[in-house]
Amino acid sequence: MKKIGAIIILFISVVTLLSITNFEAPPKEFPHINAYSSIEGSLRGGPIEPGEHFLHPSRCAGCHGYDSLHIANIDASGNDINLVNDWESSMMALSGVDPLWKAKVRHESLVNPGHATVLQNLCTSCHAPMGHYKAVFNGLSPYTLANLATDSLGQSGVSCMGCHKIGDVNLGSTFTGNIPYDTNQVEYGPFVGVMEGPMQLYVGILPTYSPHVSEGRFCSPCHTLITHSVDLTGNPTGNTFVEQATYHEWLNSVYPSQDKSCQKCHMPQLEEPIKIAVGYTAIPGRTPFNQHKFTGANAFMVNLIKQSKAALGVSVSDASFDETLMDIRNNLTQNTLNLDVNFIAMRNDSANFEVKLENKAGHKFPSGYPSRRAVVQFVVVKENGDTLFASGKMNQAGEMLSTPTSGYEPHHNIINNAGQSQIYEMVMGDVAGNKTTVLERANVLLKDNRLVPKGFSTSHYTYDTVKSDALANADPDFNKVAGVEGNGVDIVHYQVPLNGYSGKVNTYANVIYVTLPSSFLTEMFAWLGSSAEIDSFYSLYQTADKAPTRVAHDSIMNLNLPNQVNTIDIAKSIDVFPNPTSNGLVNINAKNVDIISIKVYNSKGQIVTTLYDLEDTKKVQIQLPADK
């Protein structure tokens, strides 16, 4: 039996090799992404040509994709988890055709036309890295939008070789599109015991194990972006501005010490052994296997591209898009945020509530491109259905119904009128201190109160790259407990005016994620008629589904708010002893009330100790810090 098995395997190999001679010469350009998906497609054209460094992802699809006869990757339940289909509808794959990105690059070029070539060359380094760096290595840079328009390699976005050819030299210290590609004919992967023969034979590339592809720094070249600021006439200010710093946000968290890298969240792992290539039964099952989903939060743009794929020249199935959209929504609703709303007390004809938000992501939330925001909606409804209080009101497209004259809402610790909203976002300011969405004009940080990850510290060496704004830092409940940083939590206090109302209420708290509010596009759309990219995106945006995503929610139902005359006399209901205390230990005993939270103030009026979620206890002992 062993001899027969060996003969069969040899026969299959010979047939596969002989069949190469039956193929036509490859076309000069491939359509976007799914040019060939069979084993034969991967052989088409032979090994990479001398002097070239990248191959179109269609050349990888034959062994790592799917067709009607072969599935490269199947889990234990028989589910298709092949690499190409998971990747092709992600924003990584679509980065080179992203119509917002193209329109914004054109916008920046029109604002400062003398910088157009430099700006486009910089922006393509991350959105179209293989096209960009092919031009660099061949001495043909700069690489602009015009070059991208006729280059299928660039249009394939961040594809297979765009990642797997990243080397380890200076990785983790090179940012803003400075990608340290290995120019040898090699690709790096996460598995030892590599079967080298097939890739060397068919594409002329040596697959090589290296641990750096599984580390957070593998993502650093494009996920920290620092720009050089210019004034309103286009002259350099000498300042730099951190437009995005997701990698540094992750560094300033507990997750690196817990071995939780970017890949472990955005490329969900399977612990079962997975065959990573089709047609090669000798390859052992690999584990852990990172699914190539690249799940983020940008459902808006994935859905827009799905609805406009014919106009954008994208050949990806609706089923693939739908799976990606489902993964994004699951990521947003399950892995991003914990939310709790609690009733605290009745004071001065007001009902006091606290909304507690805990960031579960390994970076700020929201992170990345500065258009993104998270809005807290807090609504109190009377038992007859009338609204008593509503903060965070927006329209169906996720745009706020009211905005301060400054153009943005400041960070709040306490909200006591419905005209205030808690919005977690980053806001850029120009040299005059005015809000701007022109990235090159970003000169000062007007606002950044985005929820920070667990373990985040203002004393961390990365903090100059990932700063929060002054109001957020001054908030005693923003990433702090009793002044100690690092819990990744913010607590918003709502003081709801009752205006004499007593009775039952229902209280609802939602956190709404908005990818691209229309207000962020105002400056760009002022250039309508000046460029095909802006005009095209405007048309797509008008018909796009702009509905935001609810990330988290909590409620208190049938809460009875008594008339103020029935308010409990706290002084007669709680004993605090010893008072004063010699060792800082204080006992708090409740008589006819339950304790759900405690705040202790020092002689300067500063909060020094805060305890929440005490589960309606009647006895608490706390250790007071020294009064300074």
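We did not get these values from a lab; they are worked out from the coordinates using the rules stated. Because the structure is predicted, anything quoted here is derived from the model rather than measured. Methodologically, a virtual Cβ is constructed for each residue, glycine included, from the backbone with ideal geometry; neighbour enumeration extends over all protein chains shown.
If you take the Cα centroid of region 95-113 and the Cα centroid of region 211-259, the two points sit 20 Å apart. Residues whose amide H lies under 5 Å from that of residue 298, counting only those 5 or more places away or on a different chain, are absent; hydrogens are built 1.01 Å from N in the peptide plane. Binning all Cα-Cα separations of region 259-396 at 5 Å, short to long from zero, yields these whole-percent fractions: 2, 7, 11, 14, 14, 13, 12, 9, 6, 5, 3, 2, 1, 1, 0, 0.
Residue by residue, region 512-522 carries 3J(HN,Hα) couplings of 10, 9, 10, 6, 8, x, 4, 4, 6, 9, 4 Hz when phi is fed to the Karplus relation 6.51 cos²θ - 1.76 cosθ + 1.60 (θ = phi - 60°); x denotes Gly or Pro. Rounded to the nearest whole Hz, the Karplus-based 3J(HN,Hα) values (6.51 cos²θ - 1.76 cosθ + 1.60, θ = phi - 60°) of region 338-350 follow the sequence 9, 9, 9, 10, 9, 7, 9, 5, 9, 8, 6, 6, 10, with x at glycine and proline.
Rounded to the nearest 20, the size of the Cβ-charge dipole of the chain about its Cα centre is 520 debye, with Lys and Arg at +1 and Asp and Glu at -1.
Tell me, what is the percent relative contact order of the chain, built from C-alpha pairs under 8 Å that lie six or more residues apart?
12 percent
Rounded to the nearest Hz, the phi-derived 3J(HN,Hα) couplings of region 115-121 under the Karplus curve 6.51 cos²θ - 1.76 cosθ + 1.60 (θ = phi - 60°) are 9, 4, 5, 5, 5, 5, 5, where x marks glycine and proline. Applying Stokes-Einstein at 37 °C and 0.692 mPa s to the Kirkwood radius of region 152-284, computed over alpha-carbon pairs, gives a translational diffusion coefficient of 190 µm² s⁻¹. Less than 5 angstrom separates the built amide H of residue 222 from those of 177, all sequence-distant by 5 or more or on a different chain.
Annotation: amide H-H contacts under 5 Å for residue 415 (H modelled 1.01 Å from N, sequence separation of 5 or more, or interchain): 493, 494, 495. Cβ crowding within 10 Å ranks 312, 304, 471 as 471, 312, 304, fewest other Cβ atoms first. A DSSP coil position with no more than 13 other Cβ atoms inside 10 Å describes the following GluC sites (Glu not before Pro) in region 196-246: 196. Here region 283-306 and region 181-195 have alpha carbon centers that stand 21 Å from each other. Straight-line cross-link partners of residue 382 among the lysines, defined as a Cα under 20 Å from its Cα and at least 8 positions apart when in the same chain: 393, 504.
Before rounding to the nearest 500, sum -39500 (n - 2.57) across all DSSP H runs of length at least 4 in the chain and divide by the residue total; then give [θ] at 222 nm in deg cm²/dmol. Display every interim value, and only then the final one.
Numbers: 21 runs with 159 residues, N = 628.
So the calculated ellipticity at 222 nm is -6500 deg cm²/dmol.
Based on the reciprocal of the average 1/r between different C-alpha atoms, the Kirkwood radius for the chain equals 27.3 Å.
Legend: P(r) of region 128-177 from all alpha carbon pair distances, 5 Å bins from 0, whole percents, reading 5, 20, 27, 25, 16, 6, 1. Shape of region 204-263 from its Cα gyration tensor (a ≥ b ≥ c, root eigenvalues): rounded if a/c is under 1.5, otherwise prolate when a/b > b/c, or oblate? Judged from the Cα gyration tensor, region 204-263 comes out oblate (a/c at least 1.5, b/c at or above a/b).
Expressed per residue, the C-alpha convex hull volume of region 336-564 stands at 141 Å³.
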